[in-house]
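Scroll down for the structure; my scribbles are underneath it.
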Amino acid sequence: MKKLLILIPCFLLSEVDAQEVQAVPSEKLNIIKTNVTAYAFRNINLSYERAITQWFSLNIGFGTMTQGKVPFINAFLKDEDEKRFQNLRVKATNFTIEPRFYIGKGYGKGFYFAPYYRYSDVTSNSFDFYYDYDAIDGNTYQIPLKGQGSTSGNSGGLMVGVQFFLTRSQNLVLDFWIAGAHYGTGKGDFTMTSDYVLTPEMQAQLKKEIENLDIPFVDYTVETNANGAKVKVDGPWAGFRSGLSIGYRF
């Protein structure tokens with residue numbers, strides 16, 4: 001009888017332990033994804049998400065935009081200014097670290113909030129630029145220049161999204177970035193050189209022309225010399241995120 005009384009609590013404890021083990025799901029904790037909407041802007045990208053707990057995961061992404069026209073350049077340059085950059089081409093890379101906090105079912109499923117850090121780098125080709133110099137003789141001369149440079153930015157932001165498992169095996173994943181925005185600082189240098197020796201009057205007009213481009217979300221200063229101009233970018237860096245990613249969970 002004593003042995004039976006001792007065995008009963010041992011049995012009950014073993015049952016509780018077994019239930020606790022079964023309560024911990026054998027989830028697939030890794031997801032590889034790519035943002036398919038970004039390919040419309042030449043952005044080849046890949047991200048990896050790892051579930052740390054049921055409600056928390058870490059997503060790391062990398063993207064590279066192949067060299068081509070500046071996306072939406074007509075949205076921030078006037079028509080007459082856009083014509084000056086007809087052969088401007090840029091390429092870009094970005095790296096993002098994104099902790100995710102899920103409020104849905106978790107383990108990578110449901111709505112989430114994601115504060116993130118992003119590093120971005122943009123490099124241009126050797127492009128043509130020109131401006132109209134109004135000479136003291138009353139004539140207007142078109143002065144051509146060659147430009148080239150790069151800039152990079154560090155920023156932080158917040159994104160809201162929702163992630164679904166599309167198949168019964170829960171291997172196929174759909175990640176909808178509803179909206180995200182980031183803000184930070186950027187630095188860079190661009191040079192513009194001319195085959196002509198620029199007089200002080202020509203330099204003054206060139207400086208004014210570049211400053212009047214008034215590119216939004218970018219602060220820059222212009223220095224001119226007899227060979228052309230130097231444009232120094234040093235100021236705010238902002239961006240927005242939205243998209244649709246497809247991935248594989250394992």
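Going through the stretch 58-76 one residue at a time, which ones are open to solvent by 50 Å² or more (accessible area, probe 1.4 Å), out of contact with any helix residue (DSSP H, G or I) (no Cβ under 6 Å at 6 or more places or on another chain) and either in a loop (DSSP other than H, G, I, E, B) or at pLDDT below 90 (or both)? The answer is Lys69, Phe72, Ala75, Phe76. Hey, could you check the stretch 217-241 for residues that are out of contact with any helix residue (DSSP H, G or I) (no Cβ under 9 Å at 6 or more places or on another chain) and open to solvent by 50 Å² or more (accessible area, probe 1.4 Å) and say which is nearest to Gly180 (Cα to Cα)? The extreme case among them is Phe240. The single condition among (1) at pLDDT 95 or above; (2) open to solvent by 50 Å² or more (accessible area, probe 1.4 Å); (3) of a type in the set (Asp, Glu) that Asp79 does not meet is (1). Taken over the stretch 188-203, residues that are in contact (Cβ under 8 Å) with a residue 40 or more places away in the chain and in a loop (DSSP other than H, G, I, E, B) amount to 4. Here Thr185 passes the criteria (1) outside any strand (DSSP E or B); (2) closer than 30 Å to Val36 by Cα except the one numbered (1).
Looking at the structure I just gave you, is Pro216 in contact (Cβ under 8 Å) with a residue 24 or more places away in the chain, farther than 30 Å from Leu29 by Cβ and in a loop (DSSP other than H, G, I, E, B)? Yes: the conditions hold for Pro216. Candidates are the residues of the stretch 136-175 that are touching a residue at least 12 places away in the same chain (Cβ under 8 Å) and more than 30 Å from Thr93 (Cα to Cα); the one that is least open to solvent (accessible area, probe 1.4 Å) is Ile143. Given the structure, is Thr53 out of contact with any helix residue (DSSP H, G or I) (no Cβ under 9 Å at 6 or more places or on another chain), of a type outside the set (A, V, I, L, M), closer than 30 Å to Lys146 by Cβ and open to solvent by 20 Å² or more (accessible area, probe 1.4 Å)? No; evaluated as a whole, the condition is false for this residue. Somewhere in the stretch 73-84, is a residue closer than 19 Å to Arg241 by Cα and polar (S, T, N, Q)? No, because not a single residue in the stretch 73-84 is closer than 19 Å to Arg241 by Cα and polar (S, T, N, Q). For the residues Tyr117, Tyr183, Tyr133, Tyr141, the requirement of being of a type in the set (Phe, Trp, Tyr) and in contact with a Gly (Cβ under 6 Å, 6 or more places away or on another chain) singles out Tyr117. Taken over the stretch 104-157, residues that are in a strand (DSSP E or B) and under 30 Å from Trp55 (Cα atoms) amount to 17.
Tallying residues that are at pLDDT 95 or above and over 20 Å from Asp189 (Cα atoms) within the stretch 84-106 yields 8. Applying the condition of being in contact with a Phe, Trp or Tyr (Cβ under 6 Å, 6 or more places away or on another chain) and farther than 22 Å from Tyr248 by Cβ to the stretch 96-118 and asking which residue is surrounded by the fewest Cβ atoms within 10 Å (Cβ to Cβ) yields Ile103.
The values are calculated or read from the model by the stated rules, or taken from the named source; none is laboratory data. Because the structure is predicted, anything quoted here is derived from the model rather than measured. Glycine gets a Cβ as well: all are built from the backbone with ideal geometry, and neighbour counts include every protein chain shown. For accessibility, only protein heavy atoms count, side chains too; no ligands or nucleic acids. Shrake-Rupley method; radii C 1.70, N 1.55, O 1.52, S 1.80 Å.
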